[in-house]
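Structure first, commentary second.
The values are calculated or read from the model by the stated rules, or taken from the named source; none is laboratory data. Just so it is clear, the structure is predicted and the values come from calculations on it, not from any experiment. All Cβ positions, glycine included, derive from the backbone under ideal geometry; neighbour counts span all protein chains shown.
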């Protein structure tokens, strides 16, 4: 019986129709994987691929509005270049050095996200800005009096318009783990499609 099932499967998955079946199975498995971990991690977005350099500390272009010379891609050099942008939030080098992901997140990394009821300054969160199409992953830099949050990308010199008031209802969760490089297929795909 098992042999007959194997023969049928081989026949169904031959040629271009087989590629279609495997593609659909791959999509279904990815959806189930995401759904399963979404339940476990209490979020709609359990895995987020980093597709922009707004959280990067690497010297591949300007950081915090500064052209880089002799930048060694370490925390001390990052702080020399970007520390000034955190003064308005009363975040010192010592405070920042205790933050999760103090060395940022790079393009192609996957951030594992967990839903939470509490967020604090320094947390790297994923949220959906109002009137924007895609979620953002940035760091909380301030708490507003009304209980909302302010965020900033580590690489950005200042805040974007939607970062000054992020409500808890907009937040999917916070990053708890970084898996380097394995998100590059999605990065390449999004760049090819132009997203």
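Within region 131-150, being touching a helix residue (DSSP H, G or I) at 6+ places or on another chain (Cβ under 8 Å), farther than 11 Å from residue 171 by Cα and in a loop (DSSP other than H, G, I, E, B) holds for 131, 132, 147. May I ask you to list the residues in region 52-72 that are in a loop (DSSP other than H, G, I, E, B) and at pLDDT 80 or above? Listed by number, the residues that qualify are 52, 53, 54, 55, 56, 57, 58, 59, 64.
Once region 91-113 is narrowed to residues that are assigned to a loop (DSSP other than H, G, I, E, B) and touching a helix residue (DSSP H, G or I) at 6+ places or on another chain (Cβ under 8 Å), the residue that is farthest from residue 58 (Cα to Cα) is 92. Within region 76-101, the set of residues being closer than 22 Å to residue 180 by Cα and surrounded by fewer than 15 Cβ atoms within 10 Å (Cβ to Cβ) comprises 76, 97, 98, 100.
Checked against the criterion of being assigned by TED's automatic domain parsing to the domain that holds residue 52, touching a residue at least 24 places away in the same chain (Cβ under 8 Å), crowded, with 16+ Cβ neighbours inside 10 Å and at positive phi, the candidates 108, 183 yield just one match: 108. Among the conditions (1) in contact with a strand residue (DSSP E or B) (Cβ under 7 Å, 6 or more places away or on another chain); (2) within 25 Å of residue 194 (Cα to Cα); (3) in a loop (DSSP other than H, G, I, E, B), residue 116 misses just one, which is (2).
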